[in-house]
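The values are calculated or read from the model by the stated rules, or taken from the named source; none is laboratory data. Computed from a prediction, not measured in an experiment: that's the story for all the values here. FYI the Cβ positions are ideal-geometry reconstructions off the backbone, even for glycines, and counts take in every protein chain you see. To get the accessible areas, we keep the full protein, side chains included, count just its heavy atoms, and leave off ligands, DNA and RNA. Shrake-Rupley method; radii C 1.70, N 1.55, O 1.52, S 1.80 Å.
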Amino acid sequence: MKLLAHILCLCLALALAWADEPETEISTVPDRCEGLEMDAVTVNEEGTPYFFKGDFLFKGFQGLPELFNETFAELDDLHHLDHVDAAFIMHYEESPTDHDRVHLFLDDQVFIYFQHKLEEGYPKNISEVFPGIPDHLDAAVECPKSECEEDSVIFFKGHDIYHYNVKTKAVHEKDFISMPNCTSAFRFMENYYCFHGHMFSKFDPKTGFVHAKYPKEARDYFMRCSKFSDESDDVEREQCSRVHFDAIAADSAGNTCAFRGHYFLHKEVSNGTLHAHTIESAFKELHSDVDAVFCHNENAYMIKGDHIFVYNVAAKPYTLLDGYPKPLKEELGFDGPVNAAFVCEEGVVHVVKGQSMISVDMKTTPPATVIEHPIFSFKRVDAAYCHSGGLEVIVGNHYYHYESPMLFATGKMIPEQHKVSMEMFGCDH
Ligand SMILES: *[C@@H]1O[C@H](CO)[C@@H](O)[C@H](O)[C@H]1NC(C)=O
Ligand SMILES: *[C@@H]1O[C@H](CO)[C@@H](O)[C@H](O)[C@H]1NC(C)=O
Ligand SMILES: *[C@@H]1O[C@H](CO)[C@@H](O)[C@H](O)[C@H]1NC(C)=O
Ligand SMILES: *[C@@H]1O[C@H](CO)[C@@H](O)[C@H](O)[C@H]1NC(C)=O
């Protein structure tokens, strides 16, 4: 019933949108937080997810879509702008001229791109490039040797599933009994996802096994939204979402708070208990979308754009200190936006701004910048926090451990990569 009401609302919204502009041919810009069914999903050569919907392309896990012909111009040449059937990025390291190519499928044709440039001779008929694979596909996903025994592509059409061996071109039809019909498929961080409607199921690429806890809502894991459905489990969503965190802070006891969009996840260090809340419920004036947070004395310093909010967090409810929010420049001596902030030794806060780390002495009034270091290891940092064991730096879905802020700023070697969802917050994948 809830779903029906939702569909009705969506139809009404679309009807209204059309009623407003009856003459135009431009289709309504899709909103991924409405629970969209994507046409095709892949990552590009840099690992950025691309979600295709109608004429539009969503890049990454947040933000508005653009017309897909802005990125893949030739898709327009032969076809009226319509939609992409399936997409994947080839994994075939033995053949450098095939590896890392983005494949897009439209009707009976395949377009192959490298760094957004169409490869010579394309588009070609699917039957020519992938003999034995049908036209009008629903979904496709790459499966490297390490995960499928041979470098392969898995194609989906209706209930039919084909394993295509990239090297021998052999096709094996598979019977994946528990698999739903996929409308798009996606490999991300060595996991395989079949999207069906606005839901998804994680599956084993070799056996098609889908765990009973699926399907789940796609937007809970793959989109930054201000609101989620009533059925969404706030803790599980914030624990497992692939959308990067905005900020993470640790208090003196080592309990952590991780902020993402409108929510934050609190982790009790003693027993690992997790709670999720809206930012608004605890930090009303801040509301959402914080850039960096650090704890100093009994206070949480929260930076958003060019402003800093300071809350007393010694007791609940948390209270905003008098005179805040203040311009960041007035408090710390430089403008926003910043990427991350952390306190490792008493009285000194390190702020990551672009590719520099600014260290500020909080013991003087006003606080004074001590030193600014260039950062060599990462182009962009999302969040960072210190605990008794050292510093954890979060970049996208991964985090990296450093012994000290100075080793982070001056080191050129990137330390071992850890998964935020699994290793920091105990999500099972
Ligand atoms: C993409 O399509 C839109 C709408 O059909 C058109 O106005 C625009 O010029 C196209 N852009 C490119 C780069 O082809
Ligand atoms: C591609 O398919 C179309 C339609 O089936 C056919 O007419 C054409 O000859 C094919 N092209 C090649 C190069 O095989
Ligand atoms: C799945 O696809 C098959 C066609 O291969 C179709 O008969 C079946 O109805 C589809 N199932 C659903 C749930 O859409
Ligand atoms: C976890 O620890 C916190 C703080 O010590 C306590 O309030 C909470 O009840 C504990 N939860 C469980 C499930 O043990």
Counting all Cα-Cα pairs in region 165-257, those more than 22 Å apart amount in percent to 43
The orientation-averaged projected area of the Cα convex hull of region 240-349, in nm², is 6.9
From the Cα centre of region 389-429 to that of region 194-227, the distance in Å is 26
Ranked output for segments 273-283, 407-417, 105-115, 254-264 by mean other Cβ atoms within 10 Å, highest leading, reads 254-264, 105-115, 273-283, 407-417
Restricting to lysines and to Cα separations under 21 Å from residue 419, and discarding same-chain partners fewer than 8 apart, the set is 202, 216, 267, 379
Karplus-derived 3J(HN,Hα) from phi for region 279-296 (6.51 cos²θ - 1.76 cosθ + 1.60, θ = phi - 60°), whole Hz, x at Gly and Pro, runs 4, 4, 5, 10, 10, 4, 5, 6, 6, 5, 6, 7, 8, 7, 9, 9, 10, 8
Summed over the other residues with a beta carbon less than 13 angstrom from that of residue 426, with K and R at +1 and D and E at -1, the charge totals -3
The FRET efficiency for residue 372 and residue 280, from their Cβ-Cβ distance with R0 = 41 Å and rounded to 0.05, is 0.75
Percent relative contact order for the chain, counting Cα pairs under 8 Å at least six residues apart, stands at 8
Using the Kirkwood radius over Cα pairs of region 103-259, the Stokes-Einstein translational diffusion coefficient at 25 °C and 0.890 mPa s, in µm²/s and rounded to a whole number, is 138
Cα-based Rg and Dmax for the chain, in Å, come out at 23.8, 73
With every protein chain in place, the accessible area of residue 118 for a 1.4 Å probe, in Å² rounded to the nearest 10, comes to 40
A student applying the Cα gyration tensor rule (rounded when a/c is under 1.5; otherwise prolate if a/b is larger than b/c, oblate if not) would label region 37-104 oblate
Among 241, 228, 274, the residue whose Cα sits farthest towards the positive end of the charge dipole of the chain (+1 at Cβ of Lys and Arg, -1 at Cβ of Asp and Glu, taken about the Cα centre) is 274
Honestly region 346-429 on the Cα gyration tensor test (a ≥ b ≥ c root eigenvalues; a/c under 1.5 rounded, otherwise a/b vs b/c for prolate or oblate) is just prolate
The extension gain from residue 419 to residue 318, computed as 0.36 nm times the residue separation minus the Cα-Cα distance, is 33.3 nm
Given Cβ charges of +1 for Lys and Arg and -1 for Asp and Glu, the option among 370, 125, 73 whose Cα lies farthest towards the positive end of the dipole of the chain is 370
From DSSP H assignment alone, runs of 4+ in the chain each adding -39500 (n - 2.57), the sum over residues rounded to the nearest 500 puts [θ] at 222 nm at -3000 deg cm²/dmol
